[in-house]
Amino acid sequence: MDFQKMIDEKEEVLKKIVEELDKAHATVEQLEQQGLLIRGAVAQLQELQKMEKKDEVEQVEAEQVPQK
């Protein structure tokens, strides 16, 4: 087997590895974006829960005020 053929075969293997790494990198970037979206959604939900809790407290306090 001549050296050029061996070199060509190794280059093909390396090209395939680089392609797979590029795909994996794109997947990681997508997951990072999804993570950011999820964190944003969680923050919004937490804010809504705080607002809901505040409304519940105000409603209970309003019901506890003696009627004149």
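The values are calculated or read from the model by the stated rules, or taken from the named source; none is laboratory data. Note that the structure is a prediction, hence the values are computed from the model and not measured. Glycine also receives a Cβ, built like all others from the backbone with ideal geometry; neighbour counts cover every protein chain displayed. Please note that ligands, DNA and RNA were not included when accessible areas were found on the heavy atoms of the full protein model with its side chains. Shrake-Rupley method; radii C 1.70, N 1.55, O 1.52, S 1.80 Å.
Consider E61 carefully, then state whether it is exposed (fewer than 10 other Cβ atoms within 10 Å of the Cβ) and assigned to a helix (DSSP H, G or I). Against the criterion (exposed (fewer than 10 other Cβ atoms within 10 Å of the Cβ) and assigned to a helix (DSSP H, G or I)), E61 qualifies. Here H25 clears all of (1) open to solvent by less than 100 Å² (accessible area, probe 1.4 Å); (2) under 16 Å from the mean Cα position of the chain (by Cα) except the condition numbered (1).
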